[in-house]
Ligand code: GTP
Ligand code: MG
């Protein structure tokens, strides 16, 4: 089975939405096999989102990701990467399909409640960024 890296972002932890978001993952058939609540520094957020370092919103993005606690999780399931992206909805909540996490909870294109890996390569890299093998319990 496939694994993907999820982050419940500061806008969502601030509004106490962690449980509601995890319920969406579980309802879609995804299983949480690792989970921790952490508070990133802006430098750590920058390292995680390094692929976006040339984008105009990079400063805003890393400042936001370091603005409060996040919940990082590894989700496991059949086609977990695509399934998670589907449950998350489009980056901009205005474009997100009804019933998706971003349609229901996201506040803006920047403060959009969740992150999800977008490819098998990214998933492997992002899982290793936050977790050791010992912490993945299927
Ligand atoms: P992630 O799962 O977080 O990677 O989202 P995504 O794959 O749907 O979007 P993308 O990788 O293109 O962008 C990464 C993140 O940067 C988004 O989730 C947003 O939080 C943020 N972002 C993207 N576009 C904008 C923008 O125009 N303004 C701001 N402030 N943030 C943006
Ligand atoms: Mg992305």
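The values are calculated or read from the model by the stated rules, or taken from the named source; none is laboratory data. Quick caveat, the model's predicted, so the values are computed rather than measured. Note: ideal-geometry Cβ built from the backbone for every residue, glycine included; neighbour counts use all protein chains shown.
Tabulated data
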{"read-out": "Index of the failed condition, residue 52 passing every other in (1) in contact with a helix residue (DSSP H, G or I) (Cβ under 9 Å, 6 or more places away or on another chain); (2) touching a residue at least 24 places away in the same chain (Cβ under 8 Å)", "value": "(2)"}
{"read-out": "Residue 19 being away from ligand 2 (no atom under 16 Å from the Cβ), surrounded by fewer than 15 Cβ atoms within 10 Å (Cβ to Cβ) and outside any helix (DSSP H, G or I)", "value": "no"}
{"read-out": "Output for the stretch 73-109, where each listed residue is in a loop (DSSP other than H, G, I, E, B), surrounded by fewer than 16 Cβ atoms within 10 Å (Cβ to Cβ) and within 14 Å of ligand 2 (Cβ to nearest atom)", "value": "91, 92, 109"}
{"read-out": "Which listed residue is modelled with pLDDT of 95 or more and within 16 Å of residue 4 (Cβ to Cβ), from 58, 64, 130", "value": "130"}
{"read-out": "Positions within the stretch 110-138 being touching a residue at least 60 places away in the same chain (Cβ under 8 Å), away from ligand 2 (no atom under 13 Å from the Cβ) and in a helix (DSSP H, G or I), in sequence order", "value": "120, 127, 129, 130, 135"}
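Okay, residues lined up against (1) within 13 Å of ligand 1 (Cβ to nearest atom); (2) touching a helix residue (DSSP H, G or I) at 6+ places or on another chain (Cβ under 7 Å):
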position: 42; (1), (2): no, yes
position: 91; (1), (2): yes, no
position: 96; (1), (2): yes, yes
position: 106; (1), (2): yes, yes
position: 116; (1), (2): yes, yes
position: 126; (1), (2): yes, no
position: 131; (1), (2): no, no
